[in-house]
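This report refers to the structure that appears directly beneath it.
FYI, it's all coordinate maths here, none of it is from the lab. Predicted model only: the values in this text are computed from it and were never measured. All Cβ positions, even for glycine, are placed from backbone atoms using ideal geometry, and neighbour counts span all protein chains on display.
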Amino acid sequence: MSALSALDENPQPTGTLTLQTLAMPRDTNPQGDVFAGWLMSQMDLAGAILAQSIARGRVTTVAVGSMVFLRPVPVGSTVSCYAEAIEVGRSSIRTMVEVWLTRVDSGEQVKVTEGEFVFVAIDDSGHTRPLP
């Protein structure tokens, strides 16, 4: 899927609102846009929240793939992460995380990025465990 088609494909968020935060000045580059790494960390947290609820316990990120950054995120935006489980295996959970921002001036919601995150359920010793 091209980034352009991803802009028009889903006019509404897909998945469950899992994490919401505010883009602060400390998270931005000199132009006032959020760093991609900060955005990825929010997406990883959102995916982990969903995966933990499915795993009923500890999970760890094992892969990140197919990241698409569609638009810059300006400082002051409300950043909303929506997560959806797209595959559940014996011990792994593959999620799709979308990030939408709410524009400060208009209240309009705009999709800014999406990515796939894979988590594995682990026990207290850090070893892979089966999902319940």
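Worth pointing out:
- Considering only alpha-carbon pairs that sit under 8 angstrom and 6 or more positions apart, the relative contact order computed for the chain is 29 percent.
- Summed side-chain charge close to Gly15 - residues other than Gly15 whose Cβ falls under 9 Å, Lys, Arg +1, Asp, Glu -1: -2
- The rule of thumb for compact globular proteins, 2.2 N^0.38 Å, goes into the C-alpha radius of gyration of the chain 1.09 times.
- Residues with amide H under 5 Å from that of Ser77, placed H, sequence gap 5 or more: Ala23
- Proxy reagent accessibility, fewest Cβ within 10 Å first, across Met24, Met43, Met67, Met96: Met24, Met67, Met96, Met43
- Hydrodynamic radius of the stretch 44-119 per Kirkwood, over alpha carbon pairs, in Å: 13.1
- When shorter helices are ignored and each DSSP H run of at least 4 residues is given -39500 (n - 2.57), the per-residue value for the chain at 222 nm works out to -6500 deg cm²/dmol.
- Cβ charges +1 (Lys, Arg) and -1 (Asp, Glu), total dipole of the chain, debye: 340
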